[in-house]
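As structure tokens, the structure follows; a few thoughts come after it.
The values are calculated or read from the model by the stated rules, or taken from the named source; none is laboratory data. Fair warning: this is a prediction, and the values are worked out from it, not measured in the lab. With ideal geometry, Cβ positions are generated from the backbone for all residues, glycine too; neighbour counts draw on all protein chains shown.
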Amino acid sequence: MKKLKLIGIAAIIAATLLTSCGKKAADTATGKTDPVAKVRVAQATLQDVLQTAEFTTTVQPESKNNIAGTAGRIKKLFVEVGDRVSKGQKLAQMDDANVANLQTQIANIRVTYQRVEELLKVGGASQQDFDNIKLQLNVAETNLATLEENTFLVSPINGIITARYFDEGDLFAPSQYPIYTVMQMNPLKLKINVSESYFTRVKLGMKATVSFDILNGETFEGRVNLIYPTIDELTRSFTVEIGLANNAMKIRPGMYGKVTLNFGTAQNIVIPDKAVIKQQGTDHRYAYVLNADNTVSYRQIVLGRRMSATYEILSGIADGDKVVIDGITGLIDGKKVIVIDN
């Protein structure tokens, strides 16, 4: 009985081995062995690459002034939103009742001043009496000048009225709203936040190309007018101010624009964009590089600029390396490949 049991076990083992060998033979016969991948490659080359950087911005006026006076009733408004105004031009007149009252007071003080002055000459008044009335007159005249200045409100700049918050007859009190807002819109300025890596490369006076989607991509030339001297420790960037002429008045404050700075050229490796692989769930980029033994290596790379159908490579690829551009699907590090003609 024991002998029969051993014979049965041996038969099962033999059948298993025969099945396994038969499966391997069948897989070989039907081509199910791991095939050699067919790929196309392109050579990485060292090229002069234009070094530009693009930044987004919002247009700002060169200067912006809120026009407001002291508390009082608005007697007259001389301009409307959209009007162009000149420096010193009258914009609004406040109620002048207080001006008239103060002018009457000053006239009375002057009479007293002249009388005390005459009395001082003949010994009928002291020097202190004269000094007191003189001081009183000076203070009243200063107050009148201030009141008159706030009676007729004038524009401090050449610009355009961009907002009006009150009507004639309204009672104005200093608050969050002025009577008018006036902006200087030629030239304009644009502020951009630039990575600290460019800090030593941005220079005063360097040209900047500015474009606006709302103007169908039309470009304008600006210049760097101001470079802020410190770097923000949170964003690792610094602020640059671009001056932009606006003679045709096409550009308006609040427009969204793009600023491009040109830093010249640099020699870097360039490869086709089809060779670049993005690792899912990360910002890492990779490429497969062909080895001398016709295997491929999975290599991490750092991208620079994208130029049409190519990428600038800052690190990870050497001049003359051959990178896989077709047949990438299914490749793994170290896999054997066959290079086919392009």
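Here are a few things to note about the model shown:
- The single condition from (1) of a type outside the set (Asp, Glu); (2) in a loop (DSSP other than H, G, I, E, B); (3) in contact (Cβ under 8 Å) with a residue 60 or more places away in the chain that residue 334 fails is (3).
- Members of segment 166-176 that are assigned to a loop (DSSP other than H, G, I, E, B), exposed (fewer than 14 other Cβ atoms within 10 Å of the Cβ) and of a type outside the set (S, T, N, Q): 167, 168, 169, 170, 173, 174
- Which numbered condition residue 324 fails, given (1) in the same structural domain as residue 223 (by TED's automatic domain parsing); (2) farther than 30 Å from residue 240 by Cα: (1)
- The residue pairs whose first member lies in segment 73-90 and is more than 16 Å from residue 170 (Cβ to Cβ), whose second member is surrounded by fewer than 12 Cβ atoms within 10 Å (Cβ to Cβ), and whose beta carbons are closer than 7 Å, counting only pairs six or more residues apart or on different chains, do not exist in this structure.
- If you filter segment 245-260 down to residues that are aliphatic (A, V, I, L, M) and buried (at least 22 other Cβ atoms within 10 Å of the Cβ), you find that the one that is farthest from the chain's Cα centre (by Cα) is 251.
- In segment 180-213, the residues that are out of contact with any Asp or Glu (no Cβ under 9 Å at 6 or more places or on another chain) and not in a strand (DSSP E or B): 197, 198, 199, 200, 201, 202, 203, 204, 205, 206, 213
- Filtering segment 227-238 to residues that are β-branched (Val, Ile, Thr) and touching a strand residue (DSSP E or B) at 6+ places or on another chain (Cβ under 6 Å) leaves 227, 231.
- When 302, 289, 240, 323 are checked against the criterion of being of a type in the set (Val, Ile, Thr), surrounded by fewer than 13 Cβ atoms within 10 Å (Cβ to Cβ) and assigned to a strand (DSSP E or B), 302 stands alone in meeting it.
- Picking from residues in segment 287-306 that are more than 16 Å from residue 37 (Cβ to Cβ) and not charged (D, E, K, R), the one that is modelled with the lowest pLDDT is 304.
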